Amino acid sequence: FSSRRRHTRYWRDWSSDVCSSDLIDPTGQPYDMAIDGSGFFIVRDTGTNSLFATRAGDFRADANGYLTTTDGLRVQGEIPGAPGVSSDIKITLTPAAPALPADTEAVSWRIQSNGDVLLTLRSTLVPPPATPPDPLKIAQIQVQTFRDINSLTKVGSNRFSNLAAAGPVGMGTPGQSCRGQIRWQALEQANVDLATQFTDLMVTQRGYQANAKIITTSDEILQELINLKR
């Protein structure tokens, strides 16, 4: 994990009905995700049971297979058998529920644009059947939107609290109701124009230099006046 690229994130205004974004950077990391459009991931602090919203999708899997933020908060979504209930998302090739179909084993997993976490299965029969087993859905990572994101409170680590005051519209399937789609193995870039930032920096630097020159010149003039008086 230490070798993966780190991305600095900045607060972006997603209050408008924006349903797409081109500020997505592929990373190839298996647990990285970006929301291409409006909405937030919801994560849970298991110690306090508090919920937070975040756009930062640089996730990882903990020792038990739960999908978490870098500081251990669990990503929320929906699991089979508990529709409409926010649950911790666990990614494993040996799920207990739903169980793997008989005579199959999971060989890999992937995340769809609608948040579905799917296992790729293969038959353990010899010889195998002509038709490969269908993928098995073990979870869905969901996206939350808000009526007024300006009411969210920054709490650090790319997270926001005060979700109720922001008017949650509904946590649901990515790509529906103008919720952004999930981009797997990618991260959202910082929405900062570097050219503009460097220009502003140079303007500030020139202003500082001009003010410093004025102070130096004033000091020289005052020194001359003192010398004349003497």
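The values are calculated or read from the model by the stated rules, or taken from the named source; none is laboratory data. Just so it is clear, the structure is predicted and the values come from calculations on it, not from any experiment. We place every Cβ from the backbone using ideal geometry, glycine too, and count neighbours over all the protein chains shown. Remember, those area values only see protein heavy atoms, side chains included, never the ligands or the DNA or RNA. Shrake-Rupley method; radii C 1.70, N 1.55, O 1.52, S 1.80 Å.
Quick notes on this one:
- Criterion applied to Ser151, Ser108, Ser123 was being among the polar types (S, T, N, Q), touching a helix residue (DSSP H, G or I) at 6+ places or on another chain (Cβ under 8 Å) and more than 15 Å from Phe41 (Cβ to Cβ), and the one residue passing it is Ser151.
- Members of segment 25-68 that are among the hydrophobic types (A, V, I, L, M, F, W, C), in contact (Cβ under 8 Å) with a residue 60 or more places away in the chain and assigned to a loop (DSSP other than H, G, I, E, B): Ala56
- Scanning segment 144-175 for residues that are touching a residue at least 40 places away in the same chain (Cβ under 8 Å), of a type outside the set (D, E, K, R) and open to solvent by 60 Å² or more (accessible area, probe 1.4 Å) yields Asn150, Val155, Ser157, Asn158.
- Residue within segment 69-83 that is in contact (Cβ under 8 Å) with a residue 12 or more places away in the chain, within 20 Å of the chain's Cα centre (by Cα), assigned to a strand (DSSP E or B) and farther than 19 Å from Gln181 by Cα present: yes
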